[in-house]
Every structure is written in C-alpha cells, then in structure tokens.
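These notes are about the structure you will find just below.
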Amino acid sequence: MPERALDLAVLGGGPVGCAFALALHGSAHRVAVFEQRARAAGALHGERPIALSYASRLVLERLGAWPRIAPTPIETIHVSQAGSFGRTRLEAREAGVPALGYVVGYAALEQALLERAADCGIEIVREVAFAERAHSGETVRLRGKCGDRPIEVAARCVVHAEGGSDEASEKRYAQEAVIGVLSSAPRAGTTAFERFTAEGPLAMLPMAGRYALVWAMRPERAAALAAEAPEGFLAALAQAFGGRAGRLEAIEQRVRVPLVLRVRAARHGAREVYIGNAAQTLHPVAGQGLNLGLRDAWELGCELRGSADPGDARALASYAAQRRLDAAATVRVTDLLATAFAGDNPLGRLARGCALGALDGCAPARRFFARRMIFGRSAMP
Ligand SMILES: Cc1cc2nc3c(=O)[nH]c(=O)nc-3n(C[C@H](O)[C@H](O)[C@H](O)COP(=O)(O)OP(=O)(O)OC[C@H]3O[C@@H](n4cnc5c(N)ncnc54)[C@H](O)[C@@H]3O)c2cc1C
C-alpha cells in the first residue's frame, strides 16, 4: 500500500487533537488526524460535563468552533467545606470576565470541533491502530491498520493527543468520582458549587437547567453509591452537600470514574510531541484538564504554524519550555486541592477553613485566584 507523506500526523481525534489540527488550519503544513475509534464519543461519554474556562472560550473562538457550542455560563462559584466553617464566592464581574467558565457536554464539544474540522477540510482518519513507529532520517514512519486495511504514514512530526498514556508516571488517588446529571427545584442557574468533603471534592456544575455532578470519594463508597437506589443516593448527596442548590429531585446517568494523576517526564522527543492528557492527566477537581490541554494545543499550533520544519528539535524544545511552568503549576494546584483539601483531621479542617476565610476576606486574592484558574500561567503577575 502507498505510504502517506505528511508534515504532521496527529494521533488522537479527541478535543485536544482536533483543536491542534484546527490551530494549524491555513498554514502550509499537510496535517491529518488519526483516531482509533470508529465514531465520535457520543453515548460513550454521554453528557460528561466539561467546565471550560473563559480562556478556553477565547481559544475555541479563534478556532471557529465556539459558535457551534451551546454552553451554560458560570457567573459565580460557591466554594465551601463540609462539616466546618470557611466559604467563599468567586464572581465573574470581580475577575473582570463575562463568565468564570462555561459548561458543555464532552460529546457536544467534540462534535463541534469535528464539524469545524470537516468545514476546514481537515482529514480525520478513523479506526486506525498504529503498531509500529520508527525514526528514519527526518521522518517518523507509522505502520498499522485502518479498519482491516494496512496503513503507512511518514510524518515529519508526530503529535501525540491519544489521552492518558501508560508511559507516564502514575499516581492513583484513593478516590473515585461518581458523575451524573441532577435535577433540582429550583432549576440550576449560573452558579457552580465546589464543596470539599473529607473523602474528596464534590462539584455541581450548572448545565442547561440541571446540574452535572462530579463527586470524588473512597472507591468502596463510590461502588456502593453508584449502585444505590436514586432516593438513597440523593439522600447521601444532600447530607454531603447541604441545601444550597435547593431540593435535589432526580439523578440520571450515574457512572464511576477512577481518578489518576499521570505526568510525562518529557513532553517532546525526536520529532514527537505530547499534548493534552497524553502529556498530563489530572484529577478533575476545579475542572482544569481540558483547559490545560487546549492551551497546549493552541501554543503548539502557534509555535509550528510558521516553522519550515515542524519536527525541528528547537521548535519542539521551545514549545516544551513555554508549557512547563503552566503545566507544573496546574498539576500542583489540582493535586493539592484533591489531597490536602480532603481528610477529616481537625487541624486540616481548621487550615482549610482559614484558607477559604482568608480568600473570602481579600478581593485581590480572589481575583488573582480566579484569573489563575481561568488563564493559567499568563495570569501570574
Ligand atoms: C470525571 C471527569 C471530569 C472532568 N471535568 C473536566 C472539566 O470540567 N474541565 C476540564 O477542563 N477537564 C475536565 N476533565 C478532563 C478532560 O476530560 C480531559 O482533560 C480531556 O478529555 C483531554 O482531552 P484529550 O483530547 O487530550 O484526550 P481524550 O479526551 O482522552 O481524547 C483522546 C482521543 O484519542 C483517541 N486515542 C486513544 N489512543 C489512541 C491511539 N493509540 N491512536 C489513535 N487515537 C487514540 C481516543 O479514542 C480519544 O478520542 C474531566 C475528567 C474527568 C475524568
């Protein structure tokens, strides 16, 4: 079978791989995306919620995908801890942005990016499994199967966007998330809730009048609660969360998700580079994973757009250096929120309460914290 010659082969057609291919649209580079799944995520990820930051909106606008998304804006985030004092509210107005973030379903976001990619003539090749990867001169050769046919590609640069990678170091949290979609009375508006419980963080994100729930807890309890009757589940949730979102009436689409932190030691190698979850997979607390991945995709696109050789070692090293601080800081913040903000040690509770109280009493600190979570490293003074 004839070999396909490309400047860039993107492995993984999830949101980050598609966003990267779109960031190169209009450049002279020949790009194709290779996806292992036969179809888009659809029912597989259902309505799994993704909270996009305002900065991610700006990236998606530049890529031309934003108008296809029907998101729910988050204007306020209410942060509290269960069983103790300390709470704060982050407001979009105070942070100087129209919304702190936007909630969309993973499948809807992926669909918007795929439609935009189709309009831009970006080729997405499905059902691809590459079994071999070999370096020869200035190309990386990939060999494998596309459906039941053989496929061979020679690319000057391979961009890994395959999601969580086994090659990265892994820390398994002593937590699993139970996710689902909640109905309440009154209906959800534009306030999101983040509540730190002894077992892990609990987030309720407004999504089209309902709440998307992401509740981290001990794996044994997650197994029990995922199988619990809806009434029992809602009673346990009301006990952990309190009454600030009104009456919780129904829970649908409950799924358990294991939680891990995976970070690659190096985000680039010879003519290969890693972005999104392939570079780092985070705990979902504070909804940072895809936001960080979209920043990876955008910045790599900016770095490689005008470069004569997209696999040039200096260009890849410059990209990796630019991303190091943002990625490391985001990994540290989410890891800290997932672990140090859990536990029922009274001293820990006191410290968390004081931290939340201090944030609540200091508008510039709240503004800085909100902008850091929205914009990443570029919000640093
Ligand atoms: C419970 C939960 C809640 C979350 N909430 C948020 C949130 O609110 N905000 C946020 O920013 N992030 C959130 N995240 C993180 C977010 O989902 C990920 O960061 C994001 O999906 C990463 O996108 P990606 O394209 O890098 O990887 P993925 O979404 O994993 O996509 C990877 C793609 O590559 C394909 N693939 C895999 N292997 C291969 C291969 N060998 N060859 C070709 N294709 C391959 C896969 O089929 C898939 O299509 C959450 C995560 C979880 C688990």
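Brief remarks follow.
- Each Lys or Arg adds one and each Asp or Glu subtracts one; over the other residues with Cβ under 9 Å from the Cβ of G86, this totals +2.
- The chain, relative contact order [Cα under 8 Å, separation at least 6], %: 22 percent
- Fully extending the segment from A266 to E61 would add 70.8 nm, taking 0.36 nm per residue of separation and subtracting the current Cα-Cα distance.
- Between helix 346-360 and the chain: long-axis angle, C-alpha atoms, 0 to 90°, nearest 10: 80 degrees
- Derived scalar couplings ³J(HN,Hα) [segment 312-325; Karplus, 6.51 cos²θ - 1.76 cosθ + 1.60; whole Hz; x for Gly, Pro]: 4, 4, 5, 5, 5, 5, 5, 4, 4, 5, 4, 7, 4, 5
- Residue among L114, A188, W66 farthest towards the positive dipole end of the chain, charges placed on Cβ: A188
- Cα long-axis angle, helix 230-241 against the chain (0 to 90 degrees, to the nearest 10): 80 degrees
- This ranking places C18, C302, C146 by how few other beta-carbon atoms lie within 10 Å of each, fewest first, which gives C302, C146, C18.
- Rounded to whole numbers, the Karplus 3J(HN,Hα) couplings from phi for segment 280-294 are 7, 10, 10, 4, x, 4, 6, x, 10, x, 6, 4, 5, x, 5 Hz, using 6.51 cos²θ - 1.76 cosθ + 1.60 with θ = phi - 60°, and x at Gly and Pro.
- Environment charge of G232, counting only residues whose C-beta is closer than 13 Å and scoring Lys/Arg +1, Asp/Glu -1: 0
- Centroid-to-centroid, using Cα positions, segment 241-271 and segment 73-119 are 14 Å apart.
- DSSP bridge orientation in the chain - percent antiparallel, rounded to nearest 5: 75 percent
- Between the alpha-carbon centres of segment 309-342 and segment 125-203 there is a gap of 16 Å.
- Once each of the trypsin sites (Lys or Arg not before Pro) sitting in a DSSP loop with at most 14 other beta-carbon atoms within 10 Å is removed, the chain keeps 40-186 as its longest stretch.
- Likely footprinting exposure, L336, L63, fewest C-beta neighbours within 10 Å first: L336, L63
Only the coordinates and a few stated rules stand behind these numbers; no lab work does. Just so you know, these numbers come straight off a predicted model, no measurement behind them. Every residue, glycine as well, gets a Cβ built from its backbone with ideal geometry; the counts of neighbours run over all protein chains shown.
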